[in-house]
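Asker: Quick one: the structure is below, and I'll ask about it shortly.
The values are calculated or read from the model by the stated rules, or taken from the named source; none is laboratory data. As the structure is a computational prediction, the values presented were derived from the model and not from experiment. Every residue, glycine as well, gets a Cβ built from its backbone with ideal geometry; the counts of neighbours run over all protein chains shown.
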């Protein structure tokens, strides 16, 4: 007896699995950081085809390797006694710069769900939900061959707010330090190349650039600093650029994605009491994803 394959049944199974995993993962939340991941090859979805990717990553910024968490812990303790022992200029600088690092580069699990739809030949569009931000983008492949694909991707990211953090001391700081306003918009472009030496294996690499416009306004308690500083704000742009690379392992319908990104950030907000603030540095992002095509 012969058995016929059921494409519609397999599609429904893949969709149900991806949706279940997505609801579970997104319930964990994510910080306000932008996803520094690619998690896709250069080949766009075929016209009318729908693809879905569920991913998770942990971006680690240089600031949180160089003692920012300890500074935040010290700042939280000092804020508790600021009514009797106001912060000096250096302590105020550490508080503000550490708070900015926490808002923009906090170490946390970033879960993401993206859906892409093929529009025409060599062009697709996608939407990506990552905790507290939403990304819309398009990808066009200008090189297509049996082995190599090269595409250009461009997108816009809107941040809806500040998500949860994996660093508990951040909550202690913001119990006293008020976040008066927070908004952020990103422009994200990437040049992606991929190759498939075997049917079940693809390698991809991307050169990415993110231009972010964060608007952060902090409010310190009255009398907390010797200099009388009560407000600090910045709208300086944030630049993030560098390579990501990974592999897609599996069938054409369902595959595992493994990726590593090593990018660099440039960010110099206004000085705090004439002390410069420099939050630039490496951002290393390991990521894993599940890709399905319907």
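Asker: State yes or no: is residue 180 under 15 Å from the mean Cα position of the chain (by Cα), at pLDDT below 95 and surrounded by fewer than 16 Cβ atoms within 10 Å (Cβ to Cβ)?
Answerer: Values: under 15 Å from the mean Cα position of the chain (by Cα): no; at pLDDT below 95: yes; surrounded by fewer than 16 Cβ atoms within 10 Å (Cβ to Cβ): yes.
Here the answer is no, as residue 180 does not meet what is asked.
Asker: Residues that are in a loop (DSSP other than H, G, I, E, B) and either within 19 Å of residue 184 (Cβ to Cβ) or out of contact with any helix residue (DSSP H, G or I) (no Cβ under 7 Å at 6 or more places or on another chain) (or both): does the stretch 117-127 have at least one? First the steps, then the outcome.
Answerer: Going through the stretch 117-127, the residues in a loop (DSSP other than H, G, I, E, B) turn out to be 121-122.
When the remaining residues are screened for being either within 19 Å of residue 184 (Cβ to Cβ) or out of contact with any helix residue (DSSP H, G or I) (no Cβ under 7 Å at 6 or more places or on another chain) (or both), the result is 121-122.
Yes, there is a match, as at least one residue in the stretch 117-127 is in a loop (DSSP other than H, G, I, E, B) and either within 19 Å of residue 184 (Cβ to Cβ) or out of contact with any helix residue (DSSP H, G or I) (no Cβ under 7 Å at 6 or more places or on another chain) (or both).
Asker: Taking the stated definitions as given, is residue 242 in contact (Cβ under 8 Å) with a residue 12 or more places away in the chain, surrounded by 16 or more Cβ atoms within 10 Å (Cβ to Cβ) and within 16 Å of residue 191 (Cα to Cα)?
Answerer: On the way: in contact (Cβ under 8 Å) with a residue 12 or more places away in the chain: yes; surrounded by 16 or more Cβ atoms within 10 Å (Cβ to Cβ): yes; within 16 Å of residue 191 (Cα to Cα): yes.
Yes.
Asker: Additional query: What do you reckon, is residue 281 surrounded by fewer than 21 Cβ atoms within 10 Å (Cβ to Cβ), within 26 Å of residue 188 (Cα to Cα) and in contact (Cβ under 8 Å) with a residue 40 or more places away in the chain? Break it down stepwise before answering.
Answerer: Values: surrounded by fewer than 21 Cβ atoms within 10 Å (Cβ to Cβ): yes; within 26 Å of residue 188 (Cα to Cα): yes; in contact (Cβ under 8 Å) with a residue 40 or more places away in the chain: yes.
For residue 281, the condition - surrounded by fewer than 21 Cβ atoms within 10 Å (Cβ to Cβ), within 26 Å of residue 188 (Cα to Cα) and in contact (Cβ under 8 Å) with a residue 40 or more places away in the chain - is met.
Asker: So, one more: Which residue is surrounded by the fewest Cβ atoms within 10 Å (Cβ to Cβ), if the candidates are limited to the stretch 72-90 and must be within 27 Å of the chain's Cα centre (by Cα) and more than 28 Å from residue 37 (Cβ to Cβ)? Step through it out loud before you land on a result.
Answerer: Just the residues of the stretch 72-90 that are within 27 Å of the chain's Cα centre (by Cα), to begin with: 72-73, 75-76.
If we keep only those that are more than 28 Å from residue 37 (Cβ to Cβ) as well, we get 73, 75-76.
On the way: 73: 18, 75: 25, 76: 20.
This residue is 73.
Asker: Taking the conditions exactly as written (more than 15 Å from the chain's Cα centre (by Cα) and either within 26 Å of residue 283 (Cβ to Cβ) or modelled with pLDDT of 75 or more (or both)), does residue 13 satisfy them or not? Outline the logic, then answer.
Answerer: Numbers: more than 15 Å from the chain's Cα centre (by Cα): yes; either within 26 Å of residue 283 (Cβ to Cβ) or modelled with pLDDT of 75 or more (or both): no.
Spelling it out, it is not the case that residue 13 is more than 15 Å from the chain's Cα centre (by Cα) and either within 26 Å of residue 283 (Cβ to Cβ) or modelled with pLDDT of 75 or more (or both).
Here is a yes/no grid of residues against (1) more than 24 Å from residue 242 (Cα to Cα); (2) in contact (Cβ under 8 Å) with a residue 40 or more places away in the chain; (3) surrounded by 15 or more Cβ atoms within 10 Å (Cβ to Cβ):
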residue: 103; (1), (2), (3): no, yes, yes
residue: 132; (1), (2), (3): no, yes, yes
residue: 147; (1), (2), (3): yes, yes, no
residue: 151; (1), (2), (3): no, yes, yes
residue: 154; (1), (2), (3): no, no, no
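Asker: Another question, if that's okay. Please find, among 51, 41, the residue that is modelled with pLDDT of 90 or more, touching a strand residue (DSSP E or B) at 6+ places or on another chain (Cβ under 7 Å), surrounded by 14 or more Cβ atoms within 10 Å (Cβ to Cβ) and part of a loop (DSSP other than H, G, I, E, B).
Answerer: Exactly one of 51, 41 is modelled with pLDDT of 90 or more, touching a strand residue (DSSP E or B) at 6+ places or on another chain (Cβ under 7 Å), surrounded by 14 or more Cβ atoms within 10 Å (Cβ to Cβ) and part of a loop (DSSP other than H, G, I, E, B), namely 41.
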